[in-house]
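Chemist: Starting off with a structure, shown below.
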Amino acid sequence: MRNTFLLTILSVMLALTSQAALAEKKLSKAEAEALFTDKTFDGVNEKKNREFRVYSSPDGEHIVVRKGKTKEKEWRINDDGQHCVTGRKEKCADVIDMGNGVYHKIRKGKHTHTLSNFQDGNQL
C-alpha cells in the first residue's frame with residue numbers, strides 16, 4: 001500500500017515537471033522564423049512596462065507601433081535561434097514558448113519582453 005502511494009506521488013510529480021518543461025521551451029531557429037515571419041503581434045517591454053504592437057515582414061522590416069507612433073527597425077533570427085532587432089544597435093534574445101500563445105524574450109538571463117496574440121500578415 002505504501003509503495004503504491006509513493007509511486008503515485010512520484011508519477012504525479014514527474015507529470016507536472018514534464019508539463020512545465022514542455023511549456024517553457026526555447027525555440028529553434030526554424031520555429032522562431034515561423035513564429036515571426038509575416039506576423040503581427042502584441043508585446044510588453046517588461047523593464048519599462050510599455051505595451052506595443054509589431055509587424056515583422058518577410059524581408060526583415062520590423063514596424064513597431066506604440067501610443068500611435070511608428071518606428072521602423074529591422075529583425076532577423078540568428079544561427080542560435082535568437083530574435084534580433086536592430087534599432088540604435090542590434091539586440092538578440094532567446095525566445096521561450098511559455099504555452100498558450102505566450103512567448104518570453106530572455107536576454108542575458110533576464111526576461112525582457114512578453115509577446116502574444118500572433119496573427120498572420122500585417123494587422124497594424
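Chemist: Tell me which of these residue 59 doesn't satisfy, since it passes every other one: (1) in contact with a Phe, Trp or Tyr (Cβ under 9 Å, 6 or more places away or on another chain); (2) in a loop (DSSP other than H, G, I, E, B).
Modeler: (1)
Chemist: Considering only residues that are touching a Gly at 6+ places or on another chain (Cβ under 8 Å), without any contact (Cβ under 8 Å) to a residue 24 or more places away in the chain and surrounded by 14 or more Cβ atoms within 10 Å (Cβ to Cβ), which ones fall in the stretch 55-75?
Modeler: Those that are touching a Gly at 6+ places or on another chain (Cβ under 8 Å), without any contact (Cβ under 8 Å) to a residue 24 or more places away in the chain and surrounded by 14 or more Cβ atoms within 10 Å (Cβ to Cβ): 73, 74.
Chemist: Is there any pair linking a residue in the stretch 76-90 that is modelled with pLDDT under 95 to one that is exposed (fewer than 13 other Cβ atoms within 10 Å of the Cβ) and not hydrophobic (A, V, I, L, M, F, W, C), with Cβ under 8 Å and at least six apart or on different chains, and which?
Modeler: 87/71
Chemist: Across the stretch 24-53, what is the number of residues that are acidic (Asp, Glu), modelled with pLDDT of 95 or more and closer than 18 Å to residue 92 by Cβ?
Modeler: Of the residues in that region, 2 qualify.
Chemist: Considering only the stretch 77-98, how many residues are in contact with a Ser or Thr (Cβ under 8 Å, 6 or more places away or on another chain) and crowded, with 18+ Cβ neighbours inside 10 Å?
Modeler: 1
Chemist: Which one of the conditions (1) modelled with pLDDT of 95 or more; (2) of a type outside the set (A, V, I, L, M); (3) surrounded by 10 or more Cβ atoms within 10 Å (Cβ to Cβ); (4) over 14 Å from residue 115 (Cα atoms) does residue 17 fail to meet, given that it meets all the rest?
Modeler: Among (1) modelled with pLDDT of 95 or more; (2) of a type outside the set (A, V, I, L, M); (3) surrounded by 10 or more Cβ atoms within 10 Å (Cβ to Cβ); (4) over 14 Å from residue 115 (Cα atoms), residue 17 violates only (1).
The values are calculated or read from the model by the stated rules, or taken from the named source; none is laboratory data. The structure presented is a predicted model; accordingly, all values stated were derived computationally and were not measured. For neighbour counting, all protein chains shown are included, and Cβ atoms are generated from backbone atoms with ideal geometry for every residue, glycine included.
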